[in-house]
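Read-outs throughout are calculated quantities, based only on the coordinates presented, and are distinct from any laboratory measurement. On a predicted model such as this, the values are computed, not experimentally measured, just so you know.
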Amino acid sequence: MLVVAWVIVGICVLWAASQGDPIAVNGWRLLAAFVLGAIFSCVWFGWYLAVSLAFHGHNNEAGGGARSECYRHMIRFKLTENTLTGYVIGIDEPVTDLSAKVKAQPKFRLVDVFTIQAQKD
């Protein structure tokens, strides 16, 4: 069904693009194209991630867009001549109110450590 809908939409877009006379591009039309492109590309990419997640694809990218406020993490990297080591540090309860008089300290924990070795030639 998705392929059929994709083909129909593609044919409609090609047909609509071939109708009418070409118009000159001025500054306002160019600006409108950039603004609309920025908005619609985000919408289309979001739908792409949602649909691909339904078919078990792009799980990592789709999960990052979920905007979960319950868990955050960061990765610190250590780079040597032959290795790259990553330390994934989790923050279980991020601080949400920075204006509070009593500042709650976030609790950090080491989630994962990974090392990538350089290839020997």
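For V111, list long-range residues whose amide hydrogen, built 1.01 Å from N in the peptide plane, is under 5 Å from its own amide hydrogen.
V88, I89, G90
Residue-wise, which Karplus ³J(HN,Hα) couplings in Hz belong to region 15-25, taking 6.51 cos²θ - 1.76 cosθ + 1.60, θ = phi - 60°, and x for glycine or proline?
Karplus-based 3J(HN,Hα) across region 15-25 equals 5, 5, 5, 8, 8, x, 9, x, 10, 6, 9 Hz.
Hey, can you grab everything whose amide H is under 5 Å from the amide H of E93? Only 5+ residues off in sequence or another chain; H modelled, so Pro and N-termini drop out.
Distant-sequence amide H within range of E93: K107.
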